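Note sheet for the following structure.
FYI, it's all coordinate maths here, none of it is from the lab. Here the structure is a predicted model, which is why all the values come from computation and not from measurement. Glycine gets a Cβ as well: all are built from the backbone with ideal geometry, and neighbour counts include every protein chain shown.
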Amino acid sequence: MNKRLKSIVIVSVLATLVAVSGLTGCSKKSAPTTDSKTAVVKSKPTIKIGSKDFTESLILSELYTIALEQKGYKVERKFNLSSAVVNTSLVNGDIDFYPEYTGTALISILKEQPRFDSKEVYDEVAAKYKEKFKLIWLEPSVANDGQGLVISKKASSKYNIHTITDLQKNAGKIRFASQGQFNERADGMQSLVKTYGAFKFKNEKIYDNGLKYDVIHNDKADLAVAYTTEGQLNKDEFVLLQDDKNAWPPYNIAPVIRQSILEANLEVKAILNNVTRKIDNKTIIKLNYEVDVNKKEYTQVAKNFFNTQLTK
């Protein structure tokens, strides 16, 4: 075979190989692969989650974070924001959502008068947030982190005090560890007296809020002002009195999220609501207790709860 003929044959063979290679490449591109499926998951947006600067908010935001990460979302944590700026951060788009309280939204942000029915408060804040801020309130928790009164179990049993009505009738037997601010606020003692009548305690002394459980534990007082989901309430020596006449507005927990995020990611609503449904007062008190009393990291407490309660 002469050199010219040999060159033609070689060129023909190479051309055939290139054509076959090209067809193979096309067939690979058209077939769905694991990589293409992975790309879909990776295309989910990064969601910026905020929290307020106290234990309960940190735990809740971490729970929502874990839930989203489990579904393939990237999450940017913007935790420990002060209560004074967190709503502004949401409105401005610095964060995409955070857990809020219905009573806080009604009174502190919308500047409305207190209301006392949980559904009415939720419906009002949900409607006005959407209209005014384009923010959506997701499903509320039954957990209510509102104003309350805590009494020693010893005094509760001795005088048969389980509700604030019981307390009012037996106030003359009770030593009250008060806080100056509580006595002056319209949603503090003033609301209590307006609803239940006067409380003529055996004696009343003002203590710093951080000392109240120690004061009761050390038998220096029988009663103190509390919030209804504080971790110390997990201890048997303390009894939270039932606000049986609704002197104080509800503070139910719910995620508040930017409308644009929900519209672009329809499954986010179900993911977050699934977490919220697991939170009641007993649960959040125990979670707060693990952090505030047992001194565990909130990230680990949230992770443990998620793994045992939210993966079933």
- A correct Karplus calculation of ³J(HN,Hα) over segment 51-67, with 6.51 cos²θ - 1.76 cosθ + 1.60, θ = phi - 60°, whole Hz and x for Gly and Pro, returns 8, 7, 9, 9, 3, 4, 5, 4, 4, 4, 5, 5, 4, 5, 4, 4, 4
- Cα-based Rg and Dmax for segment 176-312, where Dmax is the largest Cα-Cα distance (Å): 18.8, 59
- Task: Could you pull out every residue, at least 5 positions away or on a different chain, whose amide H is within less than 5 Å of the one on residue 238? Hs are placed 1.01 Å off N in the peptide plane, and Pro or chain starts have none.
- Result: 153
- Item | Set of lysines near residue 44 by C-alpha distance (under 18 Å), chain-local residues within fewer than 8 positions excluded | 71, 74, 269
- Environment charge at residue 98 (Cβ cut-off 14 Å; Lys +1, Arg +1, Asp -1, Glu -1): -2
- Message: Kirkwood hydrodynamic radius, computed over distinct alpha-carbon pairs, for the chain: how many Å, to one decimal?
- Response: 22.8 Å
- Note on the structure: residue 120 and residue 259 label points (each 7 Å along its Cα→Cβ direction) are spaced in nm at 2.6 nm
- Could you give the length gained on full extension between residue 108 and residue 154, defined as 0.36 nm per residue of separation minus the Cα-Cα distance, in nm? 12.9 nm
- Message: If I model a spin label at residue 293 and residue 134 as a point 7 Å from the Cα along the Cα→Cβ vector, what separation in nanometres do I get?
- Response: 4.5 nm
- Over the chain, what relative contact order in percent results from Cα pairs under 8 Å that are six or more residues apart? 24 percent
- Please list, or write none, the lysines whose alpha carbon is within less than 24 Å of the alpha carbon of residue 169, excluding same-chain residues fewer than 8 places away. 153, 154, 158, 194, 200, 202, 205, 212, 220, 245
- With a Förster distance of 51 angstrom and the Cβ-Cβ distance between residue 92 and residue 173, calculated FRET efficiency to the nearest 0.05 equals 0.45
- Per-residue ³J(HN,Hα) for segment 299-311, Karplus 6.51 cos²θ - 1.76 cosθ + 1.60, θ = phi - 60°, Hz, x for Gly and Pro: 5, 6, 4, 5, 4, 4, 5, 4, 5, 9, 10, 10, 10
- Comparing 241, 266, 223, which has the greatest mean-square fluctuation in the GNM of the chain with Cα pairs linked when under 10 Å apart? 266
- Can you tell me the 0 to 90 degree angle between the C-alpha axis of helix 3-30 and the longest principal axis of the chain, rounded to 10? 20 degrees
- Query: Using alpha carbon coordinates only, what is the Rg to Rh ratio of segment 113-197, with Rh defined as the Kirkwood radius?
  - Reply: 1.09
- Message: If you take every residue apart from residue 227 with its C-beta less than 14 Å away from the C-beta of residue 227, what net charge results, scoring Lys and Arg +1 and Asp and Glu -1?
- Response: -3
- Note on the structure: The ³J(HN,Hα) series, computed from each phi in segment 72-80 with the Karplus coefficients 6.51, -1.76 and 1.60 at θ = phi - 60°, rounded to the nearest Hz and given as x for glycine or proline, is x, 7, 7, 10, 9, 7, 10, 8, 6
- Amide H partners (placed H, <5 Å) of residue 163, local residues excluded: 242
- Task: Any aspartates and glutamates with Cα under 13 Å of the residue 134 Cα? List them, leaving off those in the same chain fewer than 8 positions away.
- Result: 96, 263
